[in-house]
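Let me begin by presenting the structure, written as structure tokens, before commenting on it.
The values are calculated or read from the model by the stated rules, or taken from the named source; none is laboratory data. These figures come from a predicted structure and were not determined experimentally. Quick reminder, even Gly has a Cβ in these numbers, built from the backbone with ideal geometry, and neighbours come from all protein chains shown. Areas reflect the complete protein model, heavy atoms only, side chains present, ligands, DNA and RNA absent. Shrake-Rupley method; radii C 1.70, N 1.55, O 1.52, S 1.80 Å.
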Amino acid sequence: MKLSARLIQIAERLPMGCKLADIGSDHALLPVYAVKNGLALSAVAGEVNEGPLKAAQQQVAQAGLTSSIAVRKGDGLAVVSPGEVDTITIAGMGGALIASILEAGQEKLAGVHTLVLQPNVGEDLVRRWLLRHEWALTEESILEEDGKIYEILTARRLSDSAGFNAQLYAPRALPGSEMKLTEELLLLLGPWLIKEPNAVWFEKWHGEIKQLERIRSSVASSSHEASRIKEQELAELARQLKEVMECLQKDKQ
Ligand code: SAM
């Protein structure tokens with residue numbers, strides 16, 4: 001079975017011998033890999049759509065793992081009972097959807113100690129949800145595969161998650177600048193990723209700045225009063241991001 005580098009990195013973040021639920025499992029590639037390699041003792045592969053559900057059932061049957069992987073149809077965390085799993089992966093969806101799945105399934109998170117989340121976009125929405133619900137963001141990574149950039153966020157329940165997060169998101173000075181890295185910027189840029197920014201992270205944010213500037217110039221062409229405020233907000237965000245990139249790039253040299 002050939003797994004993408006993205007799914008391998010997600011699997012590497014699973015605690016050895018976990019009881020896994022992979023939500024939005026599609027072909028169930030991740031749970032099959034995790035159980036085959038002893039990373040997970042058992043798994044639930046959850047799918048809301050019929051086509052991917054069938055693909056997951058076939059994959060699990062072909063792998064001969066029907067006794068250790070349950071393929072279930074349902075929306076988000078509806079496919080698990082409280083206490084049934086200790087680790088949850090949700091990958092390959094937007095950050096808003098991941099946050100809404102976690103929000104709607106909060107009572108299913110009893111007994112869960114690890115979340116490995118890979119939003120395709122809107123990573124800040126996932127970080128914000130974790131922060132608000134006292135999940136400690138313990139690890140972040142970023143990778144590029146087939147021309148796409150992915151972030152993987154790992155969160156754990158610690159005895160003092162709130163204290164851990166307070167330190168992680170504490171506003172701090174940006175080296176070589178008057179500017180402060182605020183909680184808002186850290187939520188956007190990734191509090192771990194920004195500590196050791198790699199080439200992929202720089203590439204992502206240079207692209208995001210270009211995108212912000214494109215949106216700003218299209219907003220600028222609108223005559224609505226509200227567009228002026230939006231334009232200023234976008235310009236200010238782009239200015240801050242440029243300054244962060246410049247300072248961190250200088251700092252690396
Ligand atoms: N997790 C796999 C991965 O990362 O390669 C598959 C990602 S695929 C792009 C997203 C999957 O999530 C689709 O198969 C879709 O049917 C499923 N999905 C979307 N919303 C869902 C929800 N609320 N509950 C369960 N599955 C969902």
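Would you mind telling me the share, in percent, of accessible area of the chain contributed by carbon and sulfur at probe 1.4 angstrom?
Numbers: 6260 of 12230 Å².
Within the chain, the accessible surface is 51 percent carbon and sulfur.
Using 0.36 nm per residue, how much length does the chain from Ser177 to Ala104 gain when fully extended, once their Cα-Cα distance is taken away? Don't skip to the end; give the middle numbers.
Values: separation 73, 0.36 × 73 = 26.28 nm, distance 4.11 nm.
Extending this stretch completely gives an extra 22.2 nm.
Can you give the extra length, in nm with one decimal, that the chain gains between Arg132 and Met16 once fully stretched, where that is 0.36 nm per residue apart less the Cα-Cα distance?
Working: separation 116, 0.36 × 116 = 41.76 nm, distance 2.74 nm.
My answer for the length gained is 39.0 nm.
How far apart, in nm, are the 7 Å Cα→Cβ label points at Thr66 and Gln232?
Result: 6.5 nm between the two label points.
Taking Lys108 as the anchor, which lysines have their alpha carbon closer than 29 Å to its alpha carbon, excluding any fewer than eight residues away along the same chain?
Of all the lysines, those that pass the test against Lys108 - Cα under 29 Å, at least 8 places apart if same chain - are Lys19, Lys36, Lys54, Lys73.
Helix-only mean residue ellipticity at 222 nm, the chain, DSSP H runs n ≥ 4 weighted -39,500 (n - 2.57), per residue, nearest 500. What is it? Don't skip to the answer; put the middle values down first.
On the way: 9 runs with 114 residues, N = 253.
The per-residue figure over the chain is -14000 deg cm²/dmol.
Averaged per residue, what accessible area in Å² does the range 186-253 show with a 1.4 Å probe, protein chains only? Intermediate results must be reported in sequence, preceding the final value.
On the way: 4100 Å² over 68 residues.
Per-residue accessible area for the range 186-253 comes out at 60 Å².
Estimate the FRET efficiency between Val121 and Lys2 by the formula 1/(1 + (r/R0)^6), using the beta-carbon distance for r and 35 Å for R0, to the nearest 0.05.
It comes to 0.85.
Starting from 0 in steps of 5 Å, tell me what percent of the Cα-Cα pairs of the range 71-164 lands in each bin.
Result, from short to long distances: 3, 14, 25, 25, 18, 11, 4, 1 percent.
For Ala28, what is the net charge nearby, where nearby means another residue's Cβ is under 10 Å from its Cβ and Lys, Arg count +1, Asp, Glu -1?
Details: positive: none; negative: Asp22, Asp26, Glu47.
Result for the local shell: -3.
Over all distinct Cα pairs, what is the inverse of the mean 1/r for the chain, reported as the Kirkwood hydrodynamic radius in Å? All intermediate terms of the calculation are to be shown ahead of the outcome.
Numbers: mean 1/r = 0.0512 Å⁻¹.
For the chain, the Kirkwood estimate is 19.5 Å.
Testing the spin-label approximation: label points 7 Å from Cα along Cα→Cβ at Lys250 and Ser223. State their distance in nm.
Taking the simple label geometry, Lys250 and Ser223 are separated by 4.3 nm.
What is the spread of the Cα atoms of the range 172-252 along each of their three principal axes, largest first, in whole Å?
42, 23, 20
Considering only Glu231, Glu208, Glu178, give the residue with the highest GNM mean-square fluctuation for the chain, with springs between Cα atoms whenever their separation is below 10 Å.
Glu178
Over all distinct Cα pairs, what is the inverse of the mean 1/r for the range 105-211, reported as the Kirkwood hydrodynamic radius in Å? Mind showing how you got there, number by number?
On the way: mean 1/r = 0.0679 Å⁻¹.
Across the range 105-211, the inverse of the average 1/r is 14.7 Å.
In whole Å, largest first, what are the principal axis extents of the Cα atoms in the range 1-145?
40, 33, 29
Per residue, how large is the accessible surface of the range 5-168? Use a 1.4 angstrom probe and give square angstrom.
On the way: 6770 Å² over 164 residues.
Computed with neighbouring chains in place, this is 41 Å² per residue.
Place a point 7 Å from the Cα of Glu203 along the Cα-to-Cβ direction; which residues of the range 140-164 have their backbone N under 18 Å from it?
Only 141-152 pass the distance filter.
Restrict the search to the range 1-80; then list the trypsin sites (Lys or Arg not before Pro) that DSSP places in a loop and that have at most 14 other Cβ atoms within 10 Å of their Cβ. Please list the in-between numbers first.
Working: sites: Lys2, Arg6, Arg13, Lys19, Lys36, Lys54, Arg72, Lys73; in loops: Lys2, Arg13.
Here the sparse-neighbourhood loop sites are Lys2.
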